[in-house]
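Asker: Encoded as structure tokens, here's the structure I'll be asking about.
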């Protein structure tokens with residue numbers, strides 16, 4: 001899965017869910033998927049082509065396409081357990097062939113994948129917070145799938161780096177500072193580039209809390225209340 005970028009990984013997981021729900025007989029509906037995931041049909045087709053060329057740890061292609069049906073080989077073991085339990089209303093155990101060969105030593109990719117799975121289990125999506133960030137920039141999960149996936153990756157990276165609470169503070173101060181709606185950065189510029197591990201985002205280039213305090217402490221420009229130089233204020237009493 002490290003060979004997939006965030007958008008590809010998110011789409012592949014959607015395909016896994018569809019495979020499990022359809023007994024691994026997912027009908028190809030690239031035009032519908034494009035609308036659902038807020039991308040172009042060309043992007044969907046490019047993802048599928050990449051999935052057909054890549055293989056999992058067992059050497060199977062990530063997906064296989066037969067006619068208009070998409071199959072995910074890695075789902076078959078789990079589906080066989082379900083299929084076996086449905087026969088005749090009785091649960092049945094899958095037949096396990098004795099393994100005369102010694103267990104293969106896991107390779108580097110398998111170890112990294114297992115570590116990744118464990119890390120993902122530890123990090124749960126804070127949907128309320130992520131939605132608040134998206135909404136501030138006028139985005140939603142349903143209408144802006146790519147940006148939502150980028151934000152999830154951002155939160156994942158900052159959580160691993162121990163900086164997620166710092167980001168939340170920075171974002172809260174940024175929102176207060178930009179409450180008037182002026183000079184708001186784009187979502188991409190604020191978050192930064194995923195290739196740079198989001199280190200080049202505006203969120204980290206300034207101390208937004210300090211800027212907020214500085215503006216709050218700056219005395220407002222005194223008003224002349226409509227006075228004209230050399231003239232007495234309206235309503236002033238002449239004591240001369």
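Asker: Kindly indicate whether residue 50 is at pLDDT below 90 and out of contact with any strand residue (DSSP E or B) (no Cβ under 7 Å at 6 or more places or on another chain).
Answerer: Numbers: at pLDDT below 90: no; out of contact with any strand residue (DSSP E or B) (no Cβ under 7 Å at 6 or more places or on another chain): yes.
No, not satisfied.
Asker: Spot the failing condition for residue 68; the list is (1) at pLDDT below 90; (2) within 19 Å of residue 18 (Cα to Cα); (3) exposed (fewer than 14 other Cβ atoms within 10 Å of the Cβ), and only one is missed.
Answerer: (1)
Asker: Which of the following residues is more than 23 Å from the chain's Cα centre (by Cα), surrounded by 12 or more Cβ atoms within 10 Å (Cβ to Cβ) and within 23 Å of residue 141 (Cβ to Cβ): 57, 8, 29, 43? Give the derivation first.
Answerer: On the way: 57 fails: within 23 Å of residue 141 (Cβ to Cβ); 8 fails: more than 23 Å from the chain's Cα centre (by Cα); 43 fails: more than 23 Å from the chain's Cα centre (by Cα).
Just a single option satisfies the conditions, and that option is 29.
Asker: Yes or no: residue 153 under 24 Å from residue 44 (Cβ atoms), surrounded by 13 or more Cβ atoms within 10 Å (Cβ to Cβ), touching a helix residue (DSSP H, G or I) at 6+ places or on another chain (Cβ under 8 Å) and free of Cβ contacts under 8 Å to residues at least 40 places away in the same chain? Quick ask: steps written out before the conclusion?
Answerer: Working: under 24 Å from residue 44 (Cβ atoms): yes; surrounded by 13 or more Cβ atoms within 10 Å (Cβ to Cβ): yes; touching a helix residue (DSSP H, G or I) at 6+ places or on another chain (Cβ under 8 Å): yes; free of Cβ contacts under 8 Å to residues at least 40 places away in the same chain: no.
Answer is no for this residue.
Asker: Of the residues 186, 199, which is in contact (Cβ under 8 Å) with a residue 24 or more places away in the chain and loosely packed, with under 13 Cβ neighbours inside 10 Å? Reasoning before the result, please.
Answerer: Values: 199 fails: in contact (Cβ under 8 Å) with a residue 24 or more places away in the chain.
It is 186.
Asker: Out of the range 124-146, which residues are modelled with pLDDT of 90 or more, surrounded by 15 or more Cβ atoms within 10 Å (Cβ to Cβ) and outside any helix (DSSP H, G or I)?
Answerer: 137, 139
The values are calculated or read from the model by the stated rules, or taken from the named source; none is laboratory data. What you are looking at is a predicted structure, and each value in this text was computed from that prediction instead of being measured. So basically every Cβ, Gly included, is an ideal-geometry build from the backbone, and we count neighbours across all protein chains shown.
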